[in-house]
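The values are calculated or read from the model by the stated rules, or taken from the named source; none is laboratory data. Since this is a predicted model, take the numbers as computed values, not measurements. Note that we place each Cβ from the backbone using ideal geometry, even for glycine, and neighbour counts take in every protein chain shown.
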Amino acid sequence: MSQSTTLITGISGFIARHCALEMLRAGHPVRGTVRSSAKAENVRASLARHADVSALEFAEADLTADTGWQAAMTGCENVLHVASPFPAGQPKDEQVLIRPAVEGTLRVLRAASAAGISRFVQTSSMVAVMYGHAPGRIAPFNETDWTDVEAAGVTPYAKSKTLAERAARDFMETDPSGMRFASVNPGFVLGPALDEDIGTSAEVIQMFLRGKYPGAPRISMPIVDVRDIAKMHRLALEVDAPSGGRYLGVSEVLWMLEVAQAIRADLGPQARKVPSRQLPDWMLRIVGIFDPVARQVVPELGRELKVDNTVTRKALGIDFIPASDAAVAMARSLIELELV
């Protein structure tokens, strides 16, 4: 693939900044969209600490409006559509999340199709894969599984990511432009924070380091390092594969206590407040009454997830960073950034 300009939507986000680093380091010029030009210099300064940003530029565009997208696409060959709302808590009105996720994705796809974009990669999520299934399911989740948005207990966020990916794939079925499409579906994204603007996933590790919880909740998580997610986006652009690829970003599944133990073992005294035992389920349920982050995980208590992304690993030729290393990298970066 030629060293052509790649548009990255929502470049100020945690995953998107790492995608920008991955593309810049591979020699690809990057144009990032920001909702306000005021954010651009902050992003540039953040990325400049880790890569040459001479091939980085910005365009102003918002998922909720058509304005700016045509100009943002001009001169680009590829799009990484990373922008999407990711809340700390679930809104009372699920459309607060669903509408911008779906409409925003379609808005960017229409602009990309009209601009003659060659390849389009959507950042979806493992929450578009793993929810609304039978409670007793023991089979590993794989690239063919989809969340059932009609099932009881499926969160607005899971619905938003599922419906946005479904909408993108429906759009591509009738798109005449010849644009090639793929999705990257990350699990729980850990790995190094680049600056003080951390994502929601980092807040969990931050709370561990601050000693907010006396124990780790009894939940399992499909974990992936953000550096691998960034690499997956680049590989999804470069791989010689038919349009429609669906790539699950999961290194391995760990219980949250295993995540805490890895951080404690590696960081020693710096991680002295990180939980060393498991939190009783009843205690988390009580905490969840007051804490929206804890409330989100209550339905997951005791659920042992399994993921088989062999197809993804073979298609992209990727070996994932161990999940424990991703957790330690995030914790270490939060300490170094003095965010604990």
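Below, the figures for the structure above:
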quantity: Selected residue [more than 17 Å from PRO222 (Cβ to Cβ), in contact (Cβ under 8 Å) with a residue 40 or more places away in the chain, in contact with a helix residue (DSSP H, G or I) (Cβ under 9 Å, 6 or more places away or on another chain) and part of a helix (DSSP H, G or I)] from ALA326, ALA331; calculated: ALA331
quantity: Yes/no for ALA271 being modelled with pLDDT of 95 or more, surrounded by 16 or more Cβ atoms within 10 Å (Cβ to Cβ) and either among the aromatic types (Phe, Trp, Tyr) or over 21 Å from the mean Cα position of the chain (by Cα) (or both); calculated: yes
quantity: Residue match in region 248-262 (condition: under 23 Å from the mean Cα position of the chain (by Cα) and of a type in the set (D, E, K, R)); calculated: yes
quantity: Failed condition for VAL154, given (1) modelled with pLDDT under 95; (2) closer than 20 Å to ASP175 by Cβ; calculated: (2)
quantity: Residue match in region 72-85 (condition: modelled with pLDDT under 95, under 30 Å from GLY288 (Cβ atoms) and touching a Phe, Trp or Tyr at 6+ places or on another chain (Cβ under 9 Å)); calculated: yes
quantity: Condition check for LEU80: in contact with a strand residue (DSSP E or B) (Cβ under 8 Å, 6 or more places away or on another chain) and more than 30 Å from GLU252 (Cβ to Cβ); calculated: no
quantity: Matching option when the condition is closer than 13 Å to VAL79 by Cα and among the basic types (Lys, Arg), among ARG119, ARG137; calculated: ARG119
quantity: Residue selected from region 246-295 under the condition without any contact (Cβ under 8 Å) to a residue 12 or more places away in the chain and in a helix (DSSP H, G or I), by the criterion nearest to ALA182 (Cα to Cα); calculated: GLY288
quantity: Condition check for ASP228: at pLDDT 95 or above, more than 24 Å from the chain's Cα centre (by Cα), part of a helix (DSSP H, G or I) and crowded, with 16+ Cβ neighbours inside 10 Å; calculated: no
quantity: Qualifying residue in region 298-320 (condition: without any contact (Cβ under 8 Å) to a residue 12 or more places away in the chain and either closer than 13 Å to ILE205 by Cα or in contact with a helix residue (DSSP H, G or I) (Cβ under 7 Å, 6 or more places away or on another chain) (or both)); calculated: no
quantity: Region 113-142, residues that are of a type outside the set (Ser, Thr, Tyr), surrounded by 13 or more Cβ atoms within 10 Å (Cβ to Cβ) and more than 18 Å from LEU237 (Cα to Cα); calculated: MET126, VAL127, ALA128, VAL129, MET130, GLY132, HIS133, ARG137, PRO140, PHE141, ASN142
quantity: Single residue of LEU80, LEU63, LEU47 found to be surrounded by 17 or more Cβ atoms within 10 Å (Cβ to Cβ) and assigned to a helix (DSSP H, G or I); calculated: LEU47
quantity: Unmet criterion (only one of (1) within 27 Å of LEU163 (Cβ to Cβ); (2) touching a Gly at 6+ places or on another chain (Cβ under 6 Å)) for PHE58; calculated: (1)
